[in-house]
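The values are calculated or read from the model by the stated rules, or taken from the named source; none is laboratory data. Keep in mind that this is a model prediction, so the values were computed, not measured. When we count neighbours, we look across all protein chains shown, and the Cβ atoms used for this are built from the backbone with ideal geometry, even at glycine.
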Amino acid sequence: MVVAIKNLTVHYRTGTETFTVLDIPEWFVGREEQVAISGPSGSGKSTLLNVIAGLLTPAYGSVIICGRELTGLGEAARDRLRAAHLAYIFQTFNLLQGYTAIENVLLGATFSQGKATRNAALTLLDEVGLGHRLHHKPAELSIGEQQRVAIARALVKQPRLILADEPTGSLDPRHADEVIALLRRSCRKHRCALIVVSHEPGVVSAFERRDDFSRLNRVMTRGGNE
Amino acid sequence: MNFGALVIKSLRQHWLSTVLAMVSIALGVALVNAVVSLREQTHRSFTEEGLGVDAVLGPKGSPLQIILNSMYHLEEMPGKIKWTYYRKVLNDEVVANGIPFITGHCYGGFRVNAIEARFFSDFEFLPGRHFSFDPVDGGQGRMFQAHDEAVAGAEAARSLHLQPGMSFNPVCGVNPGGMVHRDRIRFVGILAPTGTPHDRAIYIPLTTFYTLSGHSSEIQEMAVNEERREISGAYLKIKRIRGGALHPGIQDLKYNLNQSSQAQLIIPNEVLPQLFGIIGWVDRVLLGVALLVTLLALLFLFVALVSALRERRRDLALLRCLGATRRTVFGLILSESLFITAGGAITGLLLGHGLVMIGCELIRVETGLRFSAGYLSTADIYSLPVILALGFFAGLIPAIQAYRLGVLNNLKSIS
C-alpha cells in the first residue's frame, strides 16, 4: 500500500469554533495505482491531499504513507518523507517565476535523498514535449506548457506517489485531456501511484478507479461541516 | 540544484537589493577601514617612531608648535635661542650629540632650513637610520660643503623637479610672498626618500642663513660672532643606559632648562600625544560617521531581506511543499544575509585599502610621512567577523519569519 487511512478525522479551528472537515473510516491506494477523487467544491478533497502530503496534521486516526505512520512523525520527518516519496501538482502549477523550466524541474529533486541529474531532468522535459523550451521561464510558457513542467518536476525525484490537486483546472478541455493522459502515462512509466482530485467529470472518467468523495467523507454524508 | 545554488539563484533574483545592500555595506566597511588605518598609522608615526629625535632644544613657547616646526616642518618657530646656550646644553653629561638648525625660509612651498652638515651623517631620521645620497637608495649627489650649496629632500626634489646643479633663491618667511634673497644657492644633492617629513624640506648650511643678502647687519654678524649668534633650536641625542633607555638625567636637564627664561627642552614622545588629544575628536567623529554608515547599511540589509521575504512567501512555501524543512528555509534566508554581508565586507576591505592608498599619497604630499596601503589595521582584523556577526543578526528576524511561514496559507493565497 502507498496510502492506508483508518478512522481519519481532521478539524479546522476558526477562533473558538472547531469544524470537522474530514471523517474517513478507511481508504487505501495500492502501489502504482491511479485514483481519481471527485466531489463538489468544499467537500475536503484538497484537505485529504494535504493530510497525505503531511502538510496538515489530523486530529485522530492513522495515516500510513509508503509504510510510515504519518501521525507519529514530527514536522521535519514529514518534510523528509514528502521530499523522498511524494510529489505535488497544483492547479496553478506553482512554478518559481525566476527559474527556467529545467531549473524548476531540478528544484523538484533538490530536497530528496536521491540524486537527480540534469540528464534525468532533460529526459523528463523531453518526455513531456518541452525539450526545446528548457531555458524558458514560466512567464514565457503557455498554461499547458507550465503544467507539463510541473509534471516533469513531480516525476524527477522518482516519487512513489504523486498528488495532483485539480491539475487541469486552468486548462481548456483539449489540453486537460492531453495533460491527464500524459500524467497517467508518465506515472505508469515511472511506476508511481497517482491520486488526482478533480470536480471535472471528463477528467475523472479517464480513470478506472473513481472514488466519490461525497461517500468517502462521512462529514458529507451527514450533510456538511460539524 | 544544491543549497548553495539556491542561495545564489535567490540573490540573483533580487539582484538590485542584493547589490545595493552589498555596496552600502562595502562603503561603510571601507570608511571604517580607511579611518582606522590612517588613524593608527598617523598615531604610530607621530608617537612611536619619534623620527629619531630624543629631544628638541627650542625657544620658550608652545612645545607642540616647536615640535611641529622642527620635526614636521609645519607651523612657525616661536622665537630663537642663543648659540652659547645651546653649547652649554651640549656639554651636559646626558647629551650625546646635538645638531643646531634655523627655520624660517622657504622655496616653492617647501621649508628651507639652515643646518650643520653633520645632519646628513649623524642624524637618525628614524631610530638607527641615516640619510643617504646613494643612487641605489634613490638619492643623488652629495651633502653640501660650500656656503652656496643646498640639499633637497626627496619629495621637495620630486615636486619641484630639482636636480643637482640647479639653483634657487630662498624666500624669507615660511610662506610664499616674502622677500626673495638675491643669493643663488645651487643644489648639490638630493636625499634618498626617508618616508619622513624631512623629505619635504630643503637644507642649506647653517652659516649661509646669516649671510643671506637682505638680512640685517645684526644677523650678518652672527655668522662670525658666536656670542651674538642665534639659532631656532637643536636636535639632541641623549645618552643611553642599559637596555637602550634614555638616560634618566634627561628629566633633570629638562626641569633645569624649563626653569630658565632662555630655552626649553622638549621630548617629542611626551608632547605629540597632546596633538592627538587636540585633534582626536576629529577622527573620533570620522570613525563615528563610518560606523553609523555601516550600521545604516546593515539596517538597509534587514529592510531589504524583510521586504524580499514578503515577495517570496509563495516561493518559500512551495520549497516547503517540495520537501524543504523549516530549517532549510531558515538557513536559506540566513545564508543570503551572510553572503551579502561577507561580500560587502570583503569588497569594503579592498575598497578601504584603496582609500588608504589615496590618503597615503595625499598625506605624503602634505607632510612627507609615508603610510602604507598594505598596513594591517585593527579594522582589517575585526571587520569581517564583526560584520558577519551583525549580518547574522540582520538576517535572523527574516529567517525566523521564513521558519514560521505557513505552507498552506501562502500557497492558497495565490491559487
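With respect to the conditions (1) among the hydroxyl-bearing types (Ser, Thr, Tyr); (2) within 19 Å of residue B:279 (Cα to Cα); (3) in contact (Cβ under 8 Å) with a residue 60 or more places away in the chain, residue B:84 lacks only one, and its number is (2).
Going through segment B:77-121 one residue at a time, which ones are surrounded by fewer than 16 Cβ atoms within 10 Å (Cβ to Cβ), charged (D, E, K, R) and within 23 Å of residue B:153 (Cα to Cα)? B:118, the sole residue that qualifies. Scanning segment A:135-171 for residues that are of a type in the set (Lys, Arg) and at pLDDT 90 or above turns up A:137, A:153, A:160.
Let's see how each residue does on (1) modelled with pLDDT of 90 or more; (2) outside any helix (DSSP H, G or I):
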residue	(1), (2)
B:203	yes, yes
B:208	yes, no
B:221	yes, no
B:224	no, yes
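For segment A:63-88, the set of residues classified as out of contact with any Gly (no Cβ under 9 Å at 6 or more places or on another chain) and more than 13 Å from chain B (Cβ to nearest Cβ) consists of A:64, A:66, A:67, A:68, A:69, A:72, listed by residue number. Note on segment A:16-28: residues that are exposed (fewer than 15 other Cβ atoms within 10 Å of the Cβ), in contact (Cβ under 8 Å) with a residue 60 or more places away in the chain and not hydrophobic (A, V, I, L, M, F, W, C) total 1. Selection of segment A:105-140 for residues being under 22 Å from residue A:177 (Cβ atoms) and either crowded, with 20+ Cβ neighbours inside 10 Å or within 11 Å of another protein chain (Cβ to nearest Cβ) (or both) yields A:124, A:125, A:128, A:130. Residue A:91 meets the conditions (1) surrounded by fewer than 21 Cβ atoms within 10 Å (Cβ to Cβ); (2) free of Cβ contacts under 8 Å to residues at least 60 places away in the same chain; (3) facing another protein chain (nearest Cβ under 10 Å) in every case but one. The failed one is (2).
Residues are listed down the side, and each one gets a yes or a no for (1) assigned to a helix (DSSP H, G or I); (2) surrounded by fewer than 18 Cβ atoms within 10 Å (Cβ to Cβ); (3) among the hydroxyl-bearing types (Ser, Thr, Tyr):
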position: A:157; (1), (2), (3): no, no, no
position: A:164; (1), (2), (3): no, no, no
position: A:171; (1), (2), (3): no, no, no
position: A:188; (1), (2), (3): yes, yes, no
position: A:191; (1), (2), (3): no, yes, no
position: A:195; (1), (2), (3): no, no, no
position: A:203; (1), (2), (3): yes, no, no
position: A:210; (1), (2), (3): no, yes, no
position: A:220; (1), (2), (3): yes, no, no
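If you check residue B:37 against the conditions, is it in contact with a strand residue (DSSP E or B) (Cβ under 6 Å, 6 or more places away or on another chain), over 21 Å from residue B:299 (Cα atoms) and either within 14 Å of another protein chain (Cβ to nearest Cβ) or assigned to a helix (DSSP H, G or I) (or both)? Judged against the criteria, residue B:37 is not a match. Here are some residues: B:41, B:65. Which one is closer than 24 Å to residue B:255 by Cα and among the polar types (S, T, N, Q)? The match here is B:65.
Residues that are in contact with a helix residue (DSSP H, G or I) (Cβ under 7 Å, 6 or more places away or on another chain) and either surrounded by fewer than 20 Cβ atoms within 10 Å (Cβ to Cβ) or within 14 Å of chain A (Cβ to nearest Cβ) (or both) within segment B:41-56 comprise B:43, B:47, B:50, listed in sequence order.
Here A:68, A:78, A:31, A:13 are screened, and the one residue that is more than 21 Å from residue A:219 (Cβ to Cβ), over 14 Å from the mean Cα position of the chain (by Cα) and free of Cβ contacts under 8 Å to residues at least 24 places away in the same chain is A:68. The criterion of being surrounded by fewer than 18 Cβ atoms within 10 Å (Cβ to Cβ) and modelled with pLDDT under 90 holds for residue A:178. Would you call residue A:96 in a loop (DSSP other than H, G, I, E, B), surrounded by fewer than 23 Cβ atoms within 10 Å (Cβ to Cβ), more than 11 Å from every other protein chain (Cβ to nearest Cβ) and over 13 Å from the mean Cα position of the chain (by Cα)? For residue A:96, the condition - in a loop (DSSP other than H, G, I, E, B), surrounded by fewer than 23 Cβ atoms within 10 Å (Cβ to Cβ), more than 11 Å from every other protein chain (Cβ to nearest Cβ) and over 13 Å from the mean Cα position of the chain (by Cα) - is not met. Scoring residue B:330 on the criteria (1) away from chain A (no Cβ under 14 Å); (2) touching a residue at least 24 places away in the same chain (Cβ under 8 Å); (3) among the aromatic types (Phe, Trp, Tyr); (4) more than 30 Å from residue B:198 (Cβ to Cβ) leaves a single failure, condition (1). Can you say whether residue A:49 is in a loop (DSSP other than H, G, I, E, B) and either surrounded by fewer than 21 Cβ atoms within 10 Å (Cβ to Cβ) or not acidic (Asp, Glu) (or both), as far as the supplied structure shows? Answer is no for this residue.
Checked against (1) among the β-branched types (Val, Ile, Thr); (2) more than 22 Å from residue B:125 (Cβ to Cβ); (3) in contact with an Asp or Glu (Cβ under 9 Å, 6 or more places away or on another chain), residue B:365 meets all criteria but (2).
For residue B:356, the stated conditions do not hold, so it cannot be described as in contact with a Gly (Cβ under 6 Å, 6 or more places away or on another chain), farther than 22 Å from residue B:14 by Cα, away from chain A (no Cβ under 12 Å) and in a helix (DSSP H, G or I). Within segment B:102-132, the set of residues being within 22 Å of residue B:207 (Cα to Cα) and aromatic (Phe, Trp, Tyr) comprises B:107, B:110, B:119, B:120, B:123, B:131. Condition first: among the β-branched types (Val, Ile, Thr) and under 22 Å from residue B:403 (Cβ atoms). Now tell me which residues in segment B:276-330 satisfy that. Listed by number, the residues that qualify are B:303, B:306, B:325, B:328, B:329.
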